[in-house]
Amino acid sequence: MVIIEKLYKGFLVSLVVIALAFLIQQPAMAQNQPFFSEENSYKELHLKHGNNTLIAVSKSDERYNINFNFTLADEKGTPIWNYQMTQYKSSHINTLGLLEDGSYLISTSNTVFQIKREGNIGFVLDWNSIADTSKLGGTLAELLIGCGSTTTEDFDILMQTKVDLENIIAVSETPKGNILIVDKGLNEVGRVLEIAKDGIVVRRIEDINNPTEAAVSEDGILVIKQVGDNLVVEYDENGKVINSRKLEPNI
């Protein structure tokens, strides 16, 4: 028994020594693998339209602020317009696009916003502004008015309408002027949302296996390229599948 007790105590001492050594090494490990680095702090995208080019630069600092700089340059590279903004704990610019009115459509991983040529922000689509009231039977304003003055009920209804975007990879404007968002998700199980510019969800297709592209036709048919299923799928205005075909190898 004495021998067993000594072995057991020796085993416990060894565990303590190993644990202390691991804790002592943690600061060094953190210093050797910083989250912030020059490699992941800068991103630049270009959008060519007409003779001009929009140059979008997003640069992060050590406090995780993202500084956005948008410069419109002519065919000679001379700046003719510039707009700057800063967002706290945001993400880099993912996509650039043009809206029908000539303003710019920008997205990060979880936000879509409009920059007007006058030099100000137009609409913003994010967790704070997007509302999906389709499953609740009415507009958000009607629902909040209908539930009375109970703050808890107001909050519960509001939370049911929230949409949290995760990994936006494509954004475009539909023929009706809504915004079409392809959200690939964090594990390639994504979704496609058609959202009005006031934030109300018009159409929503969930649980798509690796969506990469989407478009809406003039007659309202939503077409989604679902790479994970090797399919191109068409949906009607109610989100029901009306057609699908195998993805061509050269697409």
Looking only at residues that are buried (at least 19 other Cβ atoms within 10 Å of the Cβ) and among the small types (Gly, Ala, Ser) in region 186-204, which one is nearest to VAL163 (Cα to Cα)? GLY199
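Listed here are the residues, each with its yes/no results for (1) in a loop (DSSP other than H, G, I, E, B); (2) touching a His at 6+ places or on another chain (Cβ under 7 Å); (3) at pLDDT below 95; (4) under 22 Å from LEU99 (Cα atoms).
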| position | (1), (2), (3), (4) |
| --- | --- |
| PHE155 | no, no, yes, no |
| MET159 | no, no, yes, no |
| GLY177 | yes, no, no, yes |
| GLU194 | no, no, no, yes |
| ILE205 | no, no, no, no |
| GLU218 | yes, no, no, yes |
Only one residue in ILE181, ILE242, ILE169, ILE224 is in a strand (DSSP E or B), over 30 Å from LYS116 (Cβ atoms) and modelled with pLDDT of 95 or more, so which one is that? ILE242
Top-ranked residue of region 100-121 - restricted to ones that are open to solvent by less than 30 Å² (accessible area, probe 1.4 Å) and in a strand (DSSP E or B), ranked as nearest to ASP164 (Cα to Cα): VAL112
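The values are calculated or read from the model by the stated rules, or taken from the named source; none is laboratory data. Remember, it's a predicted structure, so these values are computed and weren't measured experimentally. Note that we place each Cβ from the backbone using ideal geometry, even for glycine, and neighbour counts take in every protein chain shown. Note: accessible area is taken over every heavy atom of the protein model, side chains too, but ligands, DNA and RNA are not part of it. Shrake-Rupley method; radii C 1.70, N 1.55, O 1.52, S 1.80 Å.
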